[in-house]
Amino acid sequence: MYIEQELSRETVFRGRIVNVRGDIALLHDGRQAGREVVEHPGGVCIIPIEPDGTLWCVRQFRYPMMEELIEFPAGKLERGEDPLACAIRELSEETGLTAGRVDYLGPMYPSPGFCDEILHLYLARDLTEG
């Protein structure tokens, strides 16, 4: 396995949601390479499923894509926020649903080539509206 070692890091942009770093990494063969890293606070995605297998999705306009996408309910974690609490809140805010059972499916790394975001995945069952 090839592991890169961080030699230096410099924050080149500080934003409201993300920061961007410019790092220098030492490669396994002794060469150095630049790495750009987007620092993201992480988020959650909750998949609401009915007993018959029907999945609930939401429509969200996503500015970077300049289009409306169909997605599972999701949201950004606030600093120090519990991912489960965030998932339950996002489910309610985006769909009006409450889950009688929420199971943690694990972490997902949506764009690990340049972003450190961890997305916590949940499955919501026993759904009620309101």
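The values are calculated or read from the model by the stated rules, or taken from the named source; none is laboratory data. On a predicted model such as this, the values are computed, not experimentally measured, just so you know. Every residue, glycine as well, gets a Cβ built from its backbone with ideal geometry; the counts of neighbours run over all protein chains shown.
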Problem - Among the candidates ILE47, ILE3, residue that is loosely packed, with under 11 Cβ neighbours inside 10 Å, β-branched (Val, Ile, Thr) and either in contact (Cβ under 8 Å) with a residue 60 or more places away in the chain or not in a strand (DSSP E or B) (or both) - result: ILE3
Exercise for the section: Run ARG79 past the list (1) in a loop (DSSP other than H, G, I, E, B); (2) within 30 Å of GLY22 (Cβ to Cβ); (3) at pLDDT 95 or above and report the number of the one that doesn't hold. Expected result: (3)
Exercise for the section: Kindly indicate whether GLU117 is part of a loop (DSSP other than H, G, I, E, B) and touching a residue at least 60 places away in the same chain (Cβ under 8 Å). Expected result: yes
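Okay, residues lined up against (1) among the polar types (S, T, N, Q); (2) in contact with a Leu (Cβ under 8 Å, 6 or more places away or on another chain); (3) under 26 Å from GLY100 (Cβ atoms):
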{"position": "GLY22", "(1), (2), (3)": "no, no, no"}
{"position": "LEU27", "(1), (2), (3)": "no, no, no"}
{"position": "PRO48", "(1), (2), (3)": "no, yes, yes"}
{"position": "ASP52", "(1), (2), (3)": "no, no, yes"}
{"position": "TRP56", "(1), (2), (3)": "no, yes, yes"}
{"position": "GLN60", "(1), (2), (3)": "yes, yes, yes"}
{"position": "MET65", "(1), (2), (3)": "no, no, no"}
{"position": "PRO73", "(1), (2), (3)": "no, yes, yes"}
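Residue-wise test of (1) among the polar types (S, T, N, Q); (2) touching a Ser or Thr at 6+ places or on another chain (Cβ under 7 Å).
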position: GLU4; (1), (2): no, no
position: LEU7; (1), (2): no, no
position: THR11; (1), (2): yes, no
position: ASN19; (1), (2): yes, yes
position: ILE24; (1), (2): no, yes
position: ASP29; (1), (2): no, no
position: PRO41; (1), (2): no, no
position: LEU69; (1), (2): no, no
position: PHE72; (1), (2): no, no
Exercise for the section: Taking the residues in the stretch 93-107 that are part of a helix (DSSP H, G or I) and surrounded by 15 or more Cβ atoms within 10 Å (Cβ to Cβ) as candidates, determine which candidate is farthest from the chain's Cα centre (by Cα). Expected result: THR95
